[in-house]
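Computed from the coordinates by the stated procedures, all read-outs in this text should not be read as laboratory data. Quick caveat, the model's predicted, so the values are computed rather than measured. Don't worry about glycine lacking a Cβ; one is built from the backbone with ideal geometry, like all the others, and counts go over all protein chains shown.
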Amino acid sequence: MDFGVALGLFITAVLLVLGVEIVVCLGMGAILLTVLTGSFSLANMGVAAFTSIDLFPLLAFPLFILTGDLIAQGEYRGFWLTLLGRLWGGCPEGCR
């Protein structure tokens, strides 16, 4: 096993034992691994992070959750009812 790989796994394990969130542990281990092995330059990390999330389906998940939260709050019910309530099929029965 390479020294960089062993150090990355060790840092990840230490952070997990210390109670750091798992996202931070895995992120720090991955960044340390890529910097120490030299297979991926630090200048390319921003570009790689942006291009990996530059997909429409990945954008749909947080927007779907946001829409569900807005509907669950119920603050926009009256607005949509007054805007679309008179139209045939404009507002579903659950909105009334």
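Structure data summary
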read-out	value
Loop chymotrypsin sites (Phe, Trp or Tyr not before Pro), segment 1-43, which have at most 16 other Cβ atoms in a 10 Å radius of their Cβ (DSSP)	F40
Length released on extending from L9 to I31, taking residue separation times 0.36 nm less the Cα-Cα span	6.8 nm
Contour minus Cα-Cα distance for N44 and A60 (0.36 nm per residue)	3.2 nm
Spin-label pair F79/V20, simplified geometry with 7 Å Cα→Cβ offset, distance in nm	4.1 nm
